[in-house]
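Colleague: Got a structure for you, written out below as structure tokens; questions coming shortly.
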Amino acid sequence: MHLLLSGIVGSVAYGLAGPDSDVDRIGVFAAPTVAFHGLHPPRESVVTTEPDVTLHEAGKYCRLALSGNPTATELMWLPDDCYETRTEFGERLIAIRSAFLSAPRVRDAYLGYASQQFRKLTSRDSSVGGRRRSAKHARHLARLLHQGRVLYATGVLEIRLADPEWFRAFGERVANGALAEAEALVAAAERDFDRIRTPLPDRPDEATVERWLLDVRAAHLPATHS
């Protein structure tokens, strides 16, 4: 495994971390190219807990990011202080991050993931742990909607939130029973996506992504001997 790019994502990167927050990491690695031709292809993802680390093989990472997956996408937009590994291929990946974006997939992904958070809110239990989880789901719902709208409107993904206290307060209100406020926020975001004139293209620039991936594959072939 050759790690190409990795960093701290999640609440720490957003500025929403509390004293009990986990530190989440995500990264991209390249498997040896010849391994894909054997009987047992390399694993596409490696996930561990304690510490919380998710690593995706370069090909899978590209597919996830091209689909608009928010967690995969944010790795290419992190503040500099959140990166822990930045190789030459990692730098090149950051340089082509806009090639992964497309208007329909950004809209669908961010609204879709926010809707998942809302469904979790409506099925929460009434225990203390459930209330804490509800506040977390509500924060992430609001964060996804905010980031998605900014990305859709500007073509730039804002990772570190300018006003994290607003998101914390929103989470507490929803956890205290203000589900209607969360539902209204989703509805408002849907209306915003309908009215925003986005600079994003209808389709991602797959040719640029493909060039990067093929260069990764070429670089991870066995050395030739004359």
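Colleague: Among the residues of the stretch 1-17, what is the count of those that are open to solvent by 30 Å² or more (accessible area, probe 1.4 Å) and either free of Cβ contacts under 8 Å to residues at least 40 places away in the same chain or of a type in the set (S, T, Y) (or both)?
Modeller: Residues meeting the conditions: 1.
Colleague: List the helices (runs of 4 or more DSSP H) that sit entirely inside the stretch 12-122 and contain at least 2 residues that are out of contact with any Gly (no Cβ under 9 Å at 6 or more places or on another chain), within 25 Å of L221 (Cα to Cα) and at pLDDT 95 or above.
Modeller: Where helices (runs of 4 or more DSSP H) fall fully within the stretch 12-122 and carry at least 2 residues being out of contact with any Gly (no Cβ under 9 Å at 6 or more places or on another chain), within 25 Å of L221 (Cα to Cα) and at pLDDT 95 or above, they are 58-66, 88-95.
Colleague: Of everything in the stretch 11-49, what is of a type in the set (D, E) and under 27 Å from D80 (Cβ atoms)? Give them in sequence order.
Modeller: Those that are of a type in the set (D, E) and under 27 Å from D80 (Cβ atoms): D20, D22, D24.
Colleague: Just the residues that are farther than 16 Å from L5 by Cβ and either of a type outside the set (D, E, K, R) or open to solvent by less than 30 Å² (accessible area, probe 1.4 Å) (or both), please, taken from the stretch 36-65.
Modeller: Once the filter is applied, which keeps residues that are farther than 16 Å from L5 by Cβ and either of a type outside the set (D, E, K, R) or open to solvent by less than 30 Å² (accessible area, probe 1.4 Å) (or both), the stretch 36-65 yields F36, H37, G38, L39, H40, P41, P42, V47, T48, T49, P51.
Colleague: For the stretch 19-28, how many residues are touching a residue at least 24 places away in the same chain (Cβ under 8 Å) and open to solvent by 10 Å² or more (accessible area, probe 1.4 Å)?
Modeller: Going through the stretch 19-28 one residue at a time, the tally reaches 4.
Colleague: Taking the condition of being in a helix (DSSP H, G or I), in contact (Cβ under 8 Å) with a residue 12 or more places away in the chain and open to solvent by 30 Å² or more (accessible area, probe 1.4 Å), how many residues in the stretch 193-206 meet it?
Modeller: Here the count works out to 1.
Colleague: A further question on this structure: Of the conditions (1) hydrophobic (A, V, I, L, M, F, W, C); (2) touching a residue at least 60 places away in the same chain (Cβ under 8 Å); (3) surrounded by fewer than 16 Cβ atoms within 10 Å (Cβ to Cβ), L101 clears all except one; give me its number.
Modeller: Here L101 clears every test but (3).
Colleague: Run down R160, R131, R197, R149 and say which single residue is at pLDDT below 95 and farther than 17 Å from A99 by Cα.
Modeller: R131
Colleague: Can you find even one residue in the stretch 129-147 that is within 17 Å of A72 (Cα to Cα), open to solvent by less than 10 Å² (accessible area, probe 1.4 Å), touching a helix residue (DSSP H, G or I) at 6+ places or on another chain (Cβ under 7 Å) and not in a helix (DSSP H, G or I)?
Modeller: The answer is no, given that none of the residues of the stretch 129-147 is within 17 Å of A72 (Cα to Cα), open to solvent by less than 10 Å² (accessible area, probe 1.4 Å), touching a helix residue (DSSP H, G or I) at 6+ places or on another chain (Cβ under 7 Å) and not in a helix (DSSP H, G or I).
The values are calculated or read from the model by the stated rules, or taken from the named source; none is laboratory data. For clarity, every value in this text was computed on a predicted model and none was experimentally measured. Neighbour counts are summed over all protein chains in view; Cβ atoms, including those assigned to glycine, are modelled from backbone coordinates with ideal geometry. In case anyone asks, the SASA skips ligands and DNA or RNA and just uses the protein heavy atoms, side chains included. Shrake-Rupley method; radii C 1.70, N 1.55, O 1.52, S 1.80 Å.
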